[in-house]
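Everything below concerns the one structure shown next.
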Amino acid sequence: MTDTATPTLDSYDAVVYDLDGTLVRLVVDWDAVARDAVDRFDEHGVDAAGYDLWAMLDLADEAGLRDELEAVIAGHEREGARISDRLPLADRVSTHDVPVGVCSLNCEASVRIALETHGLSEWVASVVGRDTVATRKPDPEPLLATLRGVDVPPERAVFVGDSPRDRTTAERAGTAYRSVESF
């Protein structure tokens, strides 16, 4: 299913949300994150200038620096989660009669911090971040891992997100997708 079908969220057996841009907006200066990441690469003699953060993650894998780069990015994300802004869709999290999960490109710790900061943790049964599984969105595995956490098959779930990457993740996982803009 896509946005053209309009069943209610609770007509599914699980609802999974993206985090940043969907439930909250992390207060992160992504340009500063990229500068700090490039500096970390420079410390190891690896030229990362001109790479975006996602490409830097791949470069970090190749250079054996993934843990160090994750630490740089995650530090910014955790702080940004503490001071994040709650978005209107977050008000729906507590209203579902089905299990709720969160699947995010942010590190798991920042997701948990944001959920706690905004009083959403008690309604979220499964959390998967960028560092929870070996792959990241748009690979389907993070979303599938979130669904395994609530014991719901992909075809009985809906993923709510804010980006083309989220839509692609849902399609690859075999779940329905609803865009934030549809609410």
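Just so you know, all these numbers are worked out from the coordinates, no wet-lab data involved. Since the structure is predicted, the reported quantities are computational estimates derived from the model, not experimental observations. A quick note on method: Cβ atoms are made from the backbone with ideal geometry, for glycine too, and the neighbour counts reach across all protein chains shown.
Here are a few things to note about the model shown:
- The range 30-81 - percent relative contact order, Cα under 8 Å, separation 6 or more: 38 percent
- Taking every DSSP beta bridge that has both ends in the chain, the antiparallel portion is near 10%.
- Exposure proxy ranking, count of Cβ atoms within 10 Å, fewest first, for TRP54, TRP123: TRP54, TRP123
- A convex hull fitted around the alpha carbon atoms of the range 30-81 yields 65 Å³ per residue.
- Taking all Cα pairs closer than 8 Å and separated by 6 or more residues, the relative contact order of the chain comes to 29 percent.
- FRET efficiency for the pair GLU181 and ARG35, taken as 1/(1 + (r/R0)^6) with r the Cβ-Cβ distance and R0 = 35 Å, rounds to 0.65.
- Ranked PHE41, PHE159, criterion: other C-beta atoms within 10 Å, fewest first: PHE41, PHE159
- Crossing angle, helix 164-173 versus the chain [Cα axis fit, 0-90 degrees, rounded to tens]: 60 degrees
- Simple spin-label estimate for GLU62 and ASP85 in nanometres, 7 Å along Cα-Cβ: 3.7 nm
- Taking 0.36 nm per residue of separation and subtracting the current Cα-Cα distance, fully stretching the chain between GLU43 and TRP123 would add 24.6 nm.
- When each of SER163, SER126 is scored by the number of other beta-carbon atoms lying within 10 Å, the sequence from fewest to most is SER163, SER126.
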